[in-house]
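The values are calculated or read from the model by the stated rules, or taken from the named source; none is laboratory data. Nothing here was measured: the structure is a model prediction, and the numbers come from that model. Cβ: placed from backbone, ideal geometry, glycine included. Neighbour counts: every protein chain shown. Surface areas here come from the heavy atoms of the whole protein model, side chains and all, with no ligands, DNA or RNA. Shrake-Rupley method; radii C 1.70, N 1.55, O 1.52, S 1.80 Å.
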Amino acid sequence: MKIEKSFELKHPREFVWSKLNDVHFVAQCLPGASIVADLGDNRYQGRMSVKVGPMAAAFDGEIAIEDRKQEWT
């Protein structure tokens with residue numbers, strides 16, 4: 001199965017890419033996600049809660065964000 005979707009953003013690519021590398025900004029966009037602690041060196045402790053009907057799950061873990069330069073074509 002192949003699913004494709006495309007859309008245009010009303011912001012410059014550089015701005016969008018910088019926001020995708022901002023873990024606090026991204027967490028605010030995901031319902032149930034939160035940053036619990038800043039561990040330094042672009043590492044964070046996070047939490048994610050999900051509820052589907054009567055079932056709920058919560059996950060704790062560590063994440064690391066790598067700033068990758070994107071070449072736009």
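See the values below:
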| read-out | value |
| --- | --- |
| Test: residue in the stretch 11-21 that is in contact with a Ser or Thr (Cβ under 8 Å, 6 or more places away or on another chain) and more than 12 Å from ILE65 (Cα to Cα) | no |
| Pairs, first at pLDDT below 90 in the stretch 1-13, second in a loop (DSSP other than H, G, I, E, B) and open to solvent by less than 100 Å² (accessible area, probe 1.4 Å), C-beta under 8 Å, six or more apart | ARG13/GLN70 |
| Qualifying residue in the stretch 6-13 (condition: within 12 Å of the chain's Cα centre (by Cα) and not small (Gly, Ala, Ser)) | no |
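Here is a yes/no grid of residues against (1) farther than 19 Å from GLU66 by Cα; (2) within 14 Å of the chain's Cα centre (by Cα); (3) of a type in the set (A, V, I, L, M):
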{"residue": "VAL26", "(1), (2), (3)": "no, yes, yes"}
{"residue": "LEU30", "(1), (2), (3)": "yes, yes, yes"}
{"residue": "ARG43", "(1), (2), (3)": "no, yes, no"}
{"residue": "VAL50", "(1), (2), (3)": "yes, no, yes"}
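Every residue, every condition in (1) surrounded by 10 or more Cβ atoms within 10 Å (Cβ to Cβ); (2) out of contact with any helix residue (DSSP H, G or I) (no Cβ under 8 Å at 6 or more places or on another chain), yes or no:
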residue: GLU4; (1), (2): no, yes
residue: SER18; (1), (2): yes, yes
residue: VAL26; (1), (2): yes, no
residue: LEU39; (1), (2): yes, yes
residue: SER49; (1), (2): yes, yes
residue: ALA56; (1), (2): yes, yes
